[in-house]
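The values are calculated or read from the model by the stated rules, or taken from the named source; none is laboratory data. Fair warning: this is a prediction, and the values are worked out from it, not measured in the lab. With ideal geometry, Cβ positions are generated from the backbone for all residues, glycine too; neighbour counts draw on all protein chains shown.
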Amino acid sequence: MPSKWLLFPGRATALLLGNEAIARGALEAGIGFASAYPGTPSTEIVESLAWAAQKFGIHVEWSSNEKVALEAAWAASVSGVRALAAMKHVGLNVAADAFMSIGYTGVRAGLVIVSAGDPGMWSSQNEQDNRYYGLLGYIPVFEPSDPGEAKELTVKAFEFSEEHEHAVLMITTTRVSHVRGPVELKDLPKNFKTKGWFDKDPSRFTLVPQNARARREHLVSKWEAIRDALSNLQPFNRIEGDGRILIVADGVSYLYASEAAERLGIDARMLKLATPVPLPKKLVLKALEDVDKVLVVEELEPIVENQIKALVAEEGLDIEVHGKDYTGLTGEMTLERAARSILEFLGRGAVDIPWKPVDDGGLAGKLPPRPPAMCPGCPHRATYYALRRAVNAARVKPVYSGDIGCYSLGVLPPFREQDMLIEMGGSVGAGHGFAKVLDKQIVISIIGDSTFFHAGLPALANAVYNRSPQLVLVLDNRVTAMTGEQPNPGTGINAYGEPAPMLKVEDIARAMGVEKVVVFDPFKIKEATKALKEAIEYVRDKRAPAVAVARRACALEATRRARRAGIKQPLYQVIDDKCTACGVCYNAFTCPAIEVKENGKAWINPDLCTGCSVCAEVCPFNAIVKVVEEGEGWDDVWF
């Protein structure tokens, strides 16, 4: 649950998560509309706003994907309602089509697009630098360095957006989104504007070529005005200190660079940037006065560095500008990394940093490896187990076209049922390509329920239209699990937790023209295996698409529901005399709740067992039995 301080009506100082701080800033700015698709590390922004929504009457939603979220927020903005759209960095790829046009149309009420990046790829397939999108789309980029600044900069972003009638892209990173810091709360509005009026202006908002050409000219001229305004964006952009060496840093890199310079006793001028795109030209030129050389400290791509180099060349200045030649292009910035970059930039070579890193007492070397694993009771494990049995029974050679979600862990042994994974929804689209060129292999495209609604629908329509011989296996665990149990169009509730229409994957598949659709419960291994084998053979024999839906709730969600309802969960244990140490339960099924004793026999940890019952079904010797009966309603919490 978000911090109670999020709703505090007056002035105070609170310790907030960076994402909570952004939500608080949006509330202080008088937001009326918020939309998002969940994605780490951005998810808590709209989760926090959804928690606050009904108190203030604002509209908050989990949209089916980022493109829809941005389109909806833009429409609210041009109708006079301040709006926010949030997503992770790769989500902006999905929203890019709308994003590029929004630069041309502009906005009316403030529109802030938050894109949370992930340097180091802690929970992502790449670490792309979305500041490039600001350059590409002529959308100014705001980048806070800590939660306190994130809140203040969010308020300023709404004001700036509205003043210039132009969207603002706010970039955060994992270290800003998921760290807690002191945040100065200010008064909340007494009334939130949630309803507006759209004044029609086709020459501005209808981007047919004739109008778009005129809007392009307007956009370029506005960009210079935005650049000038950013030079006066105090205190977010500022010059600190003096000296003939200039260190330029934006976002969280500023904290590392400034602390490193202070600890090293470096006499340097510091230019702190909260708006890396476009570069605040007048402020940068002022910072460059009487400077011999410049070091730019920034994460990932040389966005600021290249702009400064271009400005130095344009102005004919005799100043050395360095950056990525010292800081590198990959991974997160750290204090030690910033310090080493500064020392090497100053010609000190590989000088030891004059402070010791935090001593862990040698603990890091003693910790056992912790490979990621699906949770105890995860229905995806049962589905993968049944799928392998079905593939073997059908005697086919499979190619598994994978996708983004908890089920991505199927790439690991013993299942190894994800042969490729590129982006959300890519399983079915790429599966079509595989299916059209592979004659002796059967393509099985594996996608989650939330991802299916996010980006799988167009790909499935393509598969039907082009008669793609692939099995589309939808893992429906009733929630968007990987990002923290958010609802989706198939869940039956909305962002507020209220009842909402429930879209069923099988109904959509049939409506799209899929002739073979099977639905099964993965916890019933024999039935699941039979259904999957039937679908695989249909694809093989008919050379046409089939859809299989594996439906069971996420174990975390199911057990949470049970606790809230006071329903007792069952417990399973191993009968030691019957166990033959065959290893099927812990080697082939690999439930984390099942441990191995010294004699090779299995033992179920009662603290981890979720009572899913699948281990009892997979045990070939009936050595696993129920020792505690479940309470009434137990089955209901799993669907």
Selection count, region 57-73, where residues are in a helix (DSSP H, G or I), surrounded by fewer than 24 Cβ atoms within 10 Å (Cβ to Cβ) and touching a helix residue (DSSP H, G or I) at 6+ places or on another chain (Cβ under 7 Å): 2
Number of positions in region 474-510 that are in a helix (DSSP H, G or I) and surrounded by 23 or more Cβ atoms within 10 Å (Cβ to Cβ): 2
Of the criteria (1) surrounded by fewer than 16 Cβ atoms within 10 Å (Cβ to Cβ); (2) outside any loop (DSSP other than H, G, I, E, B); (3) β-branched (Val, Ile, Thr), which one THR580 fails: (2)
Candidates VAL539, VAL514, VAL518, filtered to the one that is under 14 Å from ASP476 (Cα atoms), under 34 Å from the mean Cα position of the chain (by Cα) and not acidic (Asp, Glu): VAL518
Filter result (among the polar types (S, T, N, Q) and more than 18 Å from TRP74 (Cα to Cα)) within region 167-206: THR172, THR173, THR174, SER177, ASN191
Scan of region 90-105 for residues that are out of contact with any helix residue (DSSP H, G or I) (no Cβ under 6 Å at 6 or more places or on another chain), surrounded by fewer than 21 Cβ atoms within 10 Å (Cβ to Cβ) and touching a residue at least 60 places away in the same chain (Cβ under 8 Å), ordered by number: ASN93, SER101
Condition met for GLU557 (in a helix (DSSP H, G or I), touching a residue at least 60 places away in the same chain (Cβ under 8 Å) and not assigned by TED's automatic domain parsing to the domain that holds PRO414): yes
Residue count for region 407-439, restricted to those that are part of a helix (DSSP H, G or I), touching a helix residue (DSSP H, G or I) at 6+ places or on another chain (Cβ under 6 Å), under 25 Å from GLU485 (Cα atoms) and not aliphatic (A, V, I, L, M): 2
Condition met for ILE444 (closer than 29 Å to PRO592 by Cβ, more than 24 Å from the chain's Cα centre (by Cα) and not assigned by TED's automatic domain parsing to the domain that holds VAL90): yes
Residue in region 276-293 that is among the hydrophobic types (A, V, I, L, M, F, W, C), within 19 Å of LEU343 (Cα to Cα) and within 34 Å of the chain's Cα centre (by Cα) present: no
Top-ranked residue of region 74-96 - restricted to ones that are in a helix (DSSP H, G or I) and under 19 Å from the mean Cα position of the chain (by Cα), ranked as nearest to MET170 (Cα to Cα): LEU92
Some residue of region 596-618 being of a type in the set (A, V, I, L, M, F, W, C), more than 29 Å from GLY490 (Cα to Cα), outside any strand (DSSP E or B) and not assigned by TED's automatic domain parsing to the domain that holds GLY431: yes
Subset of region 249-295 that is under 17 Å from THR327 (Cα atoms) and polar (S, T, N, Q) - its residue that is surrounded by the most Cβ atoms within 10 Å (Cβ to Cβ): SER253
In region 245-274, the residues that are closer than 18 Å to PRO235 by Cα, out of contact with any Ser or Thr (no Cβ under 9 Å at 6 or more places or on another chain) and outside any strand (DSSP E or B): SER258
